[in-house]
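Some notes on the structure that comes next.
The values are calculated or read from the model by the stated rules, or taken from the named source; none is laboratory data. As the structure is a computational prediction, the values presented were derived from the model and not from experiment. Glycine gets a Cβ as well: all are built from the backbone with ideal geometry, and neighbour counts include every protein chain shown.
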Amino acid sequence: MERKEEFKVKVERLRKLLVRHKKQGVLISTQANFSWVTAGGENRVNTATESGAAEILVTRDNVFLIANNIEKNRIREEEVAGLPIKPLGYSWYEEKEKTNLLSKVTSLSEVLYDTQGSRGPSDLSPLHFPLIEPELDRYRVLGKKVGKGLTKTARAIKPGQKETEIAAIMAEIFLADNIVPIVILVAADERIAKFRHPLPTENRLRNYVMLVVCGRKNGLIVSATRLVSFRKISPELRKKHRAVTYIDAAFILGTIPGIPIGKVFNAGVKAYQETGFPQEWHLHHQGGPTGYQPRYFKAIFAEKRKVVANSAFAWNPSITGTKSEDTILIPERGEPEIISTDATWPMIEVEYQGKKIKRPDIMQR
């Protein structure tokens, strides 16, 4: 499927939304939705903002790029090139010109918005799924690169380095591959056990480190965690890591199309109990569906929404001192496809309810 055909599929989904809501247009501003509708284009300048520097207006009959004179040509030539989109520009210092542009092509009262606090549904994420084949292909390529990037990072770091220095190594590796690491977490030694979301600090690595990344490219996001030890792994840590990979297997193998996500969550919590760590799930969320967001929402017992075929999930069970996390694709039939592993990373074979999968072990260096 060519990019134009993928774009057409996305626009058709949006137009069906317009029909349901009896509206004439939808203005797409967020980075996630822009990448989704443009088949991998990006409107970002500042990665820390939800909204990007350009917008897409989809009406019943046309699609427009709305951007100021700073961004219009670059985005038209590099981010949406070849797509049937009509560019409309305004001066960066005259924001009201944008409103005038919009009003010329559609009635503002008939427009839906994808940003919080605006008219209409702020959440377009249900339209992201099912992922179509070009998205799945891009996701697989990204997953492989993220897995290899973490392996490369793990082999490049050494004791004595600060967590911030390790984060810099990771960032350089991913950015060099045109992957934006929108989340980088690094914890060395005692900080692994203390904090579930450890931002890098001046703390220096002595023996043991956790590397976490959410890497984004073409709007899609792959999340993964790896652990590296520069000393012999203790029996206690080995037991914990075996347990957390078993729990991860329960989450992964339980993610089946049509199953309520709350039921998958319940199976994972039960696996915590089976391994002798019944309270650990209270200390951190366990993950959930991903794609153009790191997590669209976090799974809980009461979640009634169901697993969608050709969607993506990232589960991240943790037991104090260890964690297991990768990104998976959910096929219509068969077992989930783990896309972020690297064949050169040491693996553990885990059996869960008669099925076997491989999960990343702690790398011993």
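A few remarks follow.
- The lone exception for Ser109 - which of (1) more than 24 Å from Thr38 (Cα to Cα); (2) modelled with pLDDT of 95 or more it fails: (2)
- Hey, Lys263 of a type in the set (D, E, K, R), part of a helix (DSSP H, G or I) and within 25 Å of the chain's Cα centre (by Cα) or not: yes
- Any chance Ser35 is among the polar types (S, T, N, Q), over 13 Å from Phe7 (Cα atoms) and touching a residue at least 12 places away in the same chain (Cβ under 8 Å): no
- Test: residue in segment 139-162 that is in contact (Cβ under 8 Å) with a residue 40 or more places away in the chain, surrounded by 12 or more Cβ atoms within 10 Å (Cβ to Cβ) and either acidic (Asp, Glu) or assigned by TED's automatic domain parsing to the domain that holds Val45 (or both): no
- Test set (1) over 20 Å from Lys8 (Cβ atoms); (2) aromatic (Phe, Trp, Tyr); (3) crowded, with 16+ Cβ neighbours inside 10 Å - Phe129 fails condition number: (1)
- Flag for Ser35 being under 25 Å from Pro126 (Cα atoms) and in a helix (DSSP H, G or I): yes
- Evaluated against (1) surrounded by fewer than 19 Cβ atoms within 10 Å (Cβ to Cβ); (2) farther than 25 Å from Tyr139 by Cα, Leu65 falls short on exactly one condition, (1).
- The strands (runs of 3 or more DSSP E) falling completely within segment 299-365 that include 2 or more residues that are farther than 21 Å from Val183 by Cα and at pLDDT 95 or above map to 347-352, 355-360.
- Here is the figure for segment 197-244: residues that are of a type in the set (Ser, Thr, Tyr) and surrounded by fewer than 24 Cβ atoms within 10 Å (Cβ to Cβ) total 4.
- If you go through segment 259-283 and pick out every residue that is surrounded by fewer than 17 Cβ atoms within 10 Å (Cβ to Cβ), over 21 Å from Arg305 (Cα atoms) and not polar (S, T, N, Q), you end up with 5.
- Failed item, numbered, when Gly258 is tested on (1) part of a helix (DSSP H, G or I); (2) within 25 Å of the chain's Cα centre (by Cα); (3) more than 23 Å from Ala154 (Cβ to Cβ): (1)
- Count of residues meeting criterion [over 12 Å from Leu65 (Cβ atoms) and outside any loop (DSSP other than H, G, I, E, B)] in segment 80-97: 2
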